[in-house]
1. Explain nothing, just the number: dipole magnitude of the chain about its Cα centre with +1 on each Lys and Arg Cβ and -1 on each Asp and Glu Cβ, in debye rounded to the nearest 20.
2. Give the Cα extents of the range 7-48 along the principal axes, in whole Å, largest first.
3. Between Leu58 and Asn92, what is the label-to-label distance in nm when each label sits 7 Å out along the Cα-to-Cβ direction?
4. Counting only DSSP beta bridges with both residues in the chain, tell me the antiparallel percent, nearest 5.
5. Ranked by accessible surface with a 1.4 Å probe, highest first, in what order do Lys90, Lys18, Lys123 come?
6. Stokes-Einstein D for the chain at 20 °C, 1.002 mPa s, Kirkwood Rh over Cα pairs, in µm²/s?
Amino acid sequence: MIRLMNTADVASVVEIEKLVQSHPWTPKQFDEAVTGYQSTVIEVRGQVVGFCILQPVLDEANLLLMAIHPSQQGQGLGYRLLEESIAMLKNNPVQIFLEVRESNTSAIRLYEKSDFHQIDLRKNYYPKPDGTREHAIIMVRACSDDFSQLFK
Ligand SMILES: CC(C)(COP(=O)(O)OP(=O)(O)OC[C@H]1O[C@@H](n2cnc3c(N)ncnc32)[C@H](O)[C@@H]1OP(=O)(O)O)[C@@H](O)C(=O)NCCC(=O)NCCS
């Protein structure tokens, strides 16, 4: 089941985030995301196992963060969560942007499956745990037919 995140979900979401991110968001950031953005969770047998945070901006949106609990990855949950969360956006965006670490191949494959295309590279954008940095890949998904033609 996919539904909007509420403050009671934040503890579970923070746990998942800590398991998958080297620089995790804080509980305060997730609390703010509940009210400030469109934040969704996916449940399996009543347990929150993933989340997705989308920021609507005028007629566009930014995918800020998403994750699936490591024990539940590779079963199609991330794809379902992403597609349904995009469908839930109330501003009906013409395009959706995201940034992803160049080394994060599983996320990049998921985004490509969801019709995102690389449009840019931001050099040395993300810090790495070893003190070095890595590039960010900028991707976009066109949500209207007019824009879709541009990326074909
Ligand atoms: C990225 C992430 C959300 C994917 O969630 P998931 O539930 O495992 O993904 P799904 O099972 O729905 O897979 C969807 C597609 O993603 C790709 N994918 C997922 N895991 C992959 C892996 N380990 N290797 C390669 N491709 C992978 C595949 O294209 C897959 O489609 P397919 O099964 O038809 O081949 C999950 O791996 C995760 O939480 N990672 C850590 C957090 C993160 O990196 N978030 C994104 C950046 S903010």
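The values are calculated or read from the model by the stated rules, or taken from the named source; none is laboratory data. Because the structure is a prediction, the values reported are computed rather than measured. Cβ coordinates were reconstructed from backbone atoms using ideal geometry, including for glycine residues, and neighbour counts include every protein chain displayed. The protein model used for the area step is the full one, side chains on, heavy atoms only, and it has no ligands, DNA or RNA in it. Shrake-Rupley method; radii C 1.70, N 1.55, O 1.52, S 1.80 Å.
1. That gives a dipole near 300 debye.
2. 28, 24, 14
3. The two pseudo-label positions are separated by 1.8 nm.
4. Bridges in the chain that DSSP calls antiparallel: roughly 90 percent.
5. Values: Lys90 190, Lys18 120, Lys123 145 Å².
Output order, biggest surface exposure first: Lys90, Lys123, Lys18.
6. In µm²/s, the coefficient is 134.
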